[in-house]
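The values are calculated or read from the model by the stated rules, or taken from the named source; none is laboratory data. Everything numeric here is computed off the predicted structure, so don't read it as measured data. Glycine gets a Cβ as well: all are built from the backbone with ideal geometry, and neighbour counts include every protein chain shown. For the accessible areas, the whole protein counts, side chains as well, though only heavy atoms, and no ligand, DNA or RNA atoms are used. Shrake-Rupley method; radii C 1.70, N 1.55, O 1.52, S 1.80 Å.
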Amino acid sequence: MTDQLDTPRHTHPALVILALAMGAFAIGTTEFAAMSLVPYFARDLGLTEPEAGHAISTYALGVVVGAPVIAVLAAKLPRRALLIGLMALFAVGNALSAMAPTYPLLLLFRFISGLPHGAYFGIAALVAASMVPANRRAQSVALVMSGLTVATIIGVPLANWLGQAFGWRTGFAIVSVLAIITMALVALYAPHQKAAEGASPMRELGALRRPQVLLTLLTGAIGFGGLFAVYTYIASTMIEVTRVSEHLVPVVLAVFGVGMTVGNLFWAWAADRSLNKAAIGALLFSAFALALFPMAAGNVWTLSVVVVMIGFAGGLGTILQTRLMDVAGDAQALAAAAHHSAFNMANALGPWLGGLAISAGYGLTSTGWIGMCLSLGGLAIFLVTLALHKREGEVGGQPVPACG
């Protein structure tokens with residue numbers, strides 16, 4: 001991929017990454033805070049918690065639909081302008097969510113909020129990776145993604161606290177403000193970066209003909225579902241199983257965020273050394289941590305330790321995002337954006353399967369077993385992906401790209 005840059009001399013890459021990470025912070029806040037607010041808007045709107053969980057799945061559906069569609073249709077747009085436009089749509093969707101008078105309208109506005117999510121992350125990752133040497137790509141992407149993980153430490157607990165103190169609507173309103181701040185930062189610091197030379201909708205669609213792209217996306221769609229299966233119902237688990245005060249929920253959510261932030265940076269470091277081994281390690285660690293959740297949920301201290309572990313495994317996203325850069329060829333934008341479609345298919349699948357287990361009478365802690373199975377399923381798909389990749393290289397007489 002050849003990028004055409006017109007970057008002001010005074011614009012340091014760190015400022016660009018900061019601006020991009022602010023958008024990730026806004027997105028991470030709404031994505032994870034909405035899960036933590038499920039008990040509150042379920043209570044307010046007269047819904048069961050599995051029913052209220054559909055708002056999470058609807059947002060995820062917006063990401064799944066919006067990421068590839070926007071990436072294809074906007075293939076020729078300058079990247080800075082596209083990032084600003086995506087954040088504008090995100091701001092509007094969250095503002096409408098804060099004002100939704102009925103649950104059906106809330107579902108619609110959550111869907112709209114999700115539309116720009118994947119395309120933003122995909123384009124932001126490409127911009128960040130283009131500004132550093134090849135052997136630091138994963139760490140550059142991780143720094144952008146750290147905005148999302150820091151959101152789980154600061155933004156999500158803050159939104160949850162505001163939801164408890166002033167009503168769940170304030171949790172969405174604050175995200176709209178964060179999106180507007182992101183627009184200003186991107187306008188100030190992001191480089192004037194054109195789309196890749198020769199970019200077109202048809203060329204981007206070519207990514208969907210590559211088995212390695214599709215299998216990497218499927219790994220994320222299944223393997224990441226375990227984290228969301230547990231996280232969506234963690235507030236409910238703490239209140240009904242651990243039996244702690246609601247005021248402790250933001251604290252444990254922040255603990256999860258610490259684990260995710262550290263894990264994101266650690267797995268990125270590992271991926272820049274051996275990408276495939278890092279992916280296998282992250283999936284195995286995730287399955288182990290999720291299997292511990294049902295046994296740890298009865299005590300707030302053991303629960304907190306396991307929640308940190310589950311968050312730590314969340315660095316899988318950065319690993320798979322970087323792998324897609326290796327296998328997508330000249331269809332980088334769609335592959336990068338589609339990663340977040342897959343991520344949010346996991347966001348829809350995990351809560352849905354967790355909700356089915358809860359509704360079937362297996363209890364809130366059963367989400368841990370569901371999560372373990374999803375992580376192991378993702379691992380199985382990734383091992384098949386590697387075997388096929390090796391075979392493709394041998395059959396074609398060409399070396400397999402150095403993914404680790």
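Any idea which of A52, A19, A71, A14 is over 16 Å from the mean Cα position of the chain (by Cα), without any contact (Cβ under 8 Å) to a residue 60 or more places away in the chain and buried (at least 21 other Cβ atoms within 10 Å of the Cβ)?
On inspection, the qualifying residue turns out to be A52.
Answer yes if at least one residue in region 333-340 is of a type in the set (G, A, S), modelled with pLDDT of 80 or more and farther than 13 Å from G220 by Cα, and no otherwise.
No: zero hits.
For G226, state whether it is within 30 Å of V327 (Cα to Cα), of a type outside the set (A, V, I, L, M, F, W, C) and at pLDDT 85 or above.
The answer is yes for G226.
Can you tell me which residue within region 335-375, out of those that are polar (S, T, N, Q) and open to solvent by 20 Å² or more (accessible area, probe 1.4 Å), is farthest from G66 (Cα to Cα)?
Only one residue fits best here, namely T365.
So if I check each of V241, V251, V305, V258, which one is open to solvent by 10 Å² or more (accessible area, probe 1.4 Å) and within 16 Å of S146 (Cα to Cα)?
V258
Conditions tested, residue by residue: (1) within 14 Å of A14 (Cα to Cα); (2) over 14 Å from the mean Cα position of the chain (by Cα); (3) among the aromatic types (F, W, Y).
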position: R110; (1), (2), (3): no, yes, no
position: A124; (1), (2), (3): yes, no, no
position: A128; (1), (2), (3): yes, yes, no
position: A138; (1), (2), (3): no, yes, no
position: M145; (1), (2), (3): yes, no, no
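Can you confirm whether region 91-102 contains a residue that is at pLDDT below 85, buried (at least 19 other Cβ atoms within 10 Å of the Cβ) and farther than 29 Å from A142 by Cα?
Looking through region 91-102, none of the residues is at pLDDT below 85, buried (at least 19 other Cβ atoms within 10 Å of the Cβ) and farther than 29 Å from A142 by Cα.
Looking at region 336-346, is at least one residue of a type in the set (A, V, I, L, M, F, W, C) and without any contact (Cβ under 8 Å) to a residue 60 or more places away in the chain?
No, the conditions are met nowhere in region 336-346.
Of all residues in region 125-157, count the ones that are in contact with a helix residue (DSSP H, G or I) (Cβ under 7 Å, 6 or more places away or on another chain) and open to solvent by 10 Å² or more (accessible area, probe 1.4 Å).
So the count comes out to 11.
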